Amino acid sequence: MKRNTFLALLFVFCALANNASAAESKHAQEYEESMTKMHHGMMVEYTNDPDADFVRGMIPHHQGAIDMAKIQLKYGTDPEIRTLAEGIIKAQEAEIKQMNAWLEKRKAEKK
């Protein structure tokens, strides 16, 4: 099965599974919106560089985790999970910065 077809089917399944929850609460709607944005961003056009393709797909994945963690902090109340969300934001932001720097370096090397 082609990657894009698989991801599209996975996205539809997740959207259908979450549809009832989204209708029930604001946080669920925001989670669904963030996941839709993340999945769309992960559908990168492939190159002949598997390393760059991986990194380009992971950046929106990490941003999706950050967005979801921010939603958790907006609505969630459990101290342990709030601390986890804060850690996710910090770690994922650092990794996005690292991946963007790697992509810039890779682009410069190919010139």
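When region 29-56 is filtered for residues that are surrounded by 15 or more Cβ atoms within 10 Å (Cβ to Cβ), over 19 Å from Leu84 (Cβ atoms), of a type outside the set (Val, Ile, Thr) and free of Cβ contacts under 8 Å to residues at least 40 places away in the same chain, the ones remaining, listed by number, are Gln29, Glu32, His39, Gly41, Met42. Screening the candidates Ala85, Ala91, Ala65, Ala108 for the property of being crowded, with 18+ Cβ neighbours inside 10 Å and without any contact (Cβ under 8 Å) to a residue 24 or more places away in the chain yields one hit, Ala85. Listed by position, the helices (runs of 4 or more DSSP H) inside the chain whose residues that are more than 17 Å from the chain's Cα centre (by Cα) and modelled with pLDDT under 85 number at least 2 are 3-24, 79-109.
The values are calculated or read from the model by the stated rules, or taken from the named source; none is laboratory data. Because the structure is predicted, anything quoted here is derived from the model rather than measured. As a convention, Cβ positions derive from the backbone with ideal geometry for all residues, glycine included, and neighbour counts pool all protein chains shown.
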